Amino acid sequence: MIRIEIPGWESLDICHIVMDYNGTAAVDGVFLAEAKERILKLKEMAQLYILTADTYGTVKEQCRGLGIEVMTFPREGAAECKEEIVKGLSGGVVCLGNGLNDIQMFDAADLSIAVLEKEGLCGRLLNHADVLVPSFTAGLDLLLKPNRLRATLRT
């Protein structure tokens with residue numbers, strides 16, 4: 001569990017880290033290599049999930065050996081699938097994403113982090129995010145170094 005104390009917020013006890021794949025944890029279907037070390041550290045503290053329609057058909061191979069639970073679903077209705085999964089998790093949930101189909105899971109999460117990687121960021125997602133970061137690794141670092149969140153989100 002990751003405990004995050006932010007002045008003006010209730011304490012966040014994060015048990016689950018839910019990540020979109022394409023555009024967030026991966027670019028052009030390839031998992032971002034620079035994030036692997038961070039993923040290995042975070043999986044010692046929380047349960048990690050990748051939720052994806054797997055546009056490129058690469059997610060299972062790319063995430064092999066990382067200890068991440070990968071959940072794929074049909075390309076249609078992705079937003080609803082992601083929301084249902086997040087709502088079904090017990091304990092604190094943080095979500096990282098970049099797309100239009102991440103809005104509903106962001107609304108269901110305790111903490112939402114919008115990620116701007118090489119594939120861009122859906123502008124409408126920003127209204128549902130708690131934080132915007134310039135990269136996937138920066139988003140993971142917020143969880144590994146929660147004082148950064150405290151500085152960003154305190155009231």
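Please treat every number below as a calculation from the coordinates, not as lab data. Because the structure is a prediction, the values reported are computed rather than measured. Neighbour counts are summed over all protein chains in view; Cβ atoms, including those assigned to glycine, are modelled from backbone coordinates with ideal geometry.
Over the chain, what is the mean sequence separation of C-alpha contacts under 8 Å (at least six apart), divided by residue count, expressed as relative contact order in percent? Intermediate values should be presented prior to the final figure.
Numbers: 307 pairs, mean separation 41.2, N = 155.
Taking the mean separation of contacting Cα pairs over the length of the chain, I get 27 percent.
Nearest-5 percent of antiparallel DSSP beta bridges in the chain? Walk me through the intermediate numbers first.
Values: 6 of 28 bridges.
In the chain, approximately 20 percent of DSSP beta bridges are antiparallel ones.
What list of ³J(HN,Hα) couplings, whole Hz, do you get for the range 79-92 from phi and the Karplus terms 6.51, -1.76, 1.60, once you set θ to phi - 60° and write x for glycine and proline?
Once rounded to whole Hz, the list reads 4, 5, 4, 4, 4, 4, 5, 4, 5, x, 8, 9, x, x.
Could you tell me whether the range 88-138 comes out rounded, prolate or oblate from its Cα gyration tensor? Rule is a ≥ b ≥ c as square roots of the eigenvalues, rounded for a/c under 1.5, then prolate if a/b exceeds b/c, otherwise oblate. Before the final figure, lay out each step's value.
Details: a/c = 2.15, a/b = 1.55, b/c = 1.39.
It comes out prolate by the Cα gyration axes.
Which log10 I(q)/I(0) values, to two decimals, does the chain give at q = 0.11, 0.12 Å⁻¹ under the Debye formula with one point per Cα?
Computed log10 I(q)/I(0) values: -0.36, -0.43.
Can you tell me the order of 78-88, 145-155 when each peptide is scored by its average per-residue count of other Cβ atoms within 10 angstrom, highest first?
Values: 78-88: 17.7, 145-155: 13.2.
Packing order, densest peptide first, comes out as 78-88, 145-155.
Note down the Stokes-Einstein diffusion coefficient of the range 64-150 in µm²/s, whole number, using a Kirkwood radius over alpha carbon pairs, 37 °C, and 0.692 mPa s. Display every interim value, and only then the final one.
Working: Rh = 13.6 Å.
Result for D is 242 µm²/s.
When the helices in the chain are scored as -39500 (n - 2.57) per DSSP H run of 4 or longer and the sum is shared across all residues, what 222 nm value do you end up with, to the nearest 500 deg cm²/dmol?
On the way: 6 runs with 44 residues, N = 155.
Rounded to the nearest 500, the figure is -7500 deg cm²/dmol.
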